1. How many residues does region 80-95 contain that are surrounded by fewer than 18 Cβ atoms within 10 Å (Cβ to Cβ) and either closer than 26 Å to ARG15 by Cα or over 14 Å from the mean Cα position of the chain (by Cα) (or both)?
2. When only residues in region 27-51 that are in contact (Cβ under 8 Å) with a residue 60 or more places away in the chain and either touching a strand residue (DSSP E or B) at 6+ places or on another chain (Cβ under 9 Å) or open to solvent by less than 70 Å² (accessible area, probe 1.4 Å) (or both) count, which is nearest to PRO103 (Cα to Cα)?
3. Of the conditions (1) closer than 25 Å to LEU23 by Cβ; (2) assigned to a loop (DSSP other than H, G, I, E, B); (3) small (Gly, Ala, Ser), ALA121 fails just one. Which one is it?
4. Can you go through VAL104, VAL114 and tell me which one is part of a helix (DSSP H, G or I), at pLDDT below 95, surrounded by fewer than 17 Cβ atoms within 10 Å (Cβ to Cβ) and within 17 Å of the chain's Cα centre (by Cα)?
5. Specify the residue that is farthest from ARG71 (Cα to Cα); the eligible residues are those in region 117-140 that are open to solvent by 30 Å² or more (accessible area, probe 1.4 Å), within 16 Å of the chain's Cα centre (by Cα) and not hydrophobic (A, V, I, L, M, F, W, C).
6. Here are some conditions: (1) more than 17 Å from VAL77 (Cβ to Cβ); (2) modelled with pLDDT under 95. GLU95 meets all but one. Which one does it not meet?
7. Select from region 60-79 the residues that are of a type in the set (A, V, I, L, M, F, W, C) and open to solvent by less than 20 Å² (accessible area, probe 1.4 Å) and write down the one among them that is nearest to ILE37 (Cα to Cα).
Amino acid sequence: MYTHRMSTSESTSERLIQSTRELLWERGYVGTSPKAILERSGTGQGSMYHHFKGKPDLALAAIRRTAEELRATAEGVLDGPGTPYERIEAYLLRERDVLRGCPVGRLTMDPDVVASAELRAPVDETLDAIRELIAGIVEEGKEQGQFAPSLDGEEIAATVLATVQGGYVLARAAGSPTAFDAAVRGLLSLLAPR
């Protein structure tokens, strides 16, 4: 009986976090009301306040989960097999829902998230970790003679992230992934080993 109760408790908490993640992506922080979270998760108000102090606490748990998943996905590709160029290429070409945008990048455009150091921290940490990983791969490629010695790993990493995030914006504006794909192809042609 106790085990069953624990799993129910965990699944309620999980449903609340997952619903909040989806709503933050779709509507932003202000548009993610406690009522909308409860409706989406199919849980009662008592459950929300049993597991979380309130909307900010639940939003932080949701943002942390979203950031952790993005980071794990990026690391899985960037730490994968292949040359430095092939790993960056795999990251840029990985499967994405381009028209939905990046769930983490989207949070950077939310004034309520950006205004809160606590809510912004997981976003900053994730983007910094991905940028550092890419910078290290560029430096590795320079050592192997794959990339020009004049390239700066930090600058190229910033360019890779800017291309991905900017590509999402252009694709959403056009209603087509074509602009994202063009930006990625352009960056890859600039980075291609000579």
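1. Taking region 80-95 and keeping what is surrounded by fewer than 18 Cβ atoms within 10 Å (Cβ to Cβ), we get 80-83, 86, 90, 93-95.
Checking which are either closer than 26 Å to ARG15 by Cα or over 14 Å from the mean Cα position of the chain (by Cα) (or both) leaves us with 80-83, 86, 90, 93, 95.
So the answer is 8.
2. The first filter runs over region 27-51 and keeps only residues in contact (Cβ under 8 Å) with a residue 60 or more places away in the chain, leaving 28-30.
Now narrow it down to the ones that are either touching a strand residue (DSSP E or B) at 6+ places or on another chain (Cβ under 9 Å) or open to solvent by less than 70 Å² (accessible area, probe 1.4 Å) (or both): 28-29.
On the way: GLY28: 10, TYR29: 12 Å.
Top of the filtered list is GLY28.
3. For ALA121, the exception is condition (2).
4. VAL114
5. Result: ARG120.
6. (1)
7. In the first step, residues of region 60-79 are kept if they are of a type in the set (A, V, I, L, M, F, W, C); the result is 60-63, 67, 70, 72, 74, 77-78.
From the residues that got through so far, the ones that are open to solvent by less than 20 Å² (accessible area, probe 1.4 Å) too are 60, 62-63, 67, 74, 78.
Values: LEU60: 14, ALA62: 11, ILE63: 14, ALA67: 19, ALA74: 28, LEU78: 34 Å.
That would be ALA62.
This table checks each residue for (1) in a loop (DSSP other than H, G, I, E, B); (2) touching a Phe, Trp or Tyr at 6+ places or on another chain (Cβ under 8 Å); (3) within 24 Å of ARG21 (Cβ to Cβ).
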site	(1), (2), (3)
PRO81	yes, no, no
LEU92	no, no, no
ASP97	yes, no, yes
LEU151	yes, no, no
GLU154	no, no, no
LEU170	no, yes, no
PHE180	no, yes, yes
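The values are calculated or read from the model by the stated rules, or taken from the named source; none is laboratory data. Only a predicted model underlies this, so the values are computations on that prediction, with no experimental measurement involved. Quick reminder, even Gly has a Cβ in these numbers, built from the backbone with ideal geometry, and neighbours come from all protein chains shown. Ligands, DNA and RNA are excluded from the accessible area calculation, which covers all protein heavy atoms including side chains. Shrake-Rupley method; radii C 1.70, N 1.55, O 1.52, S 1.80 Å.
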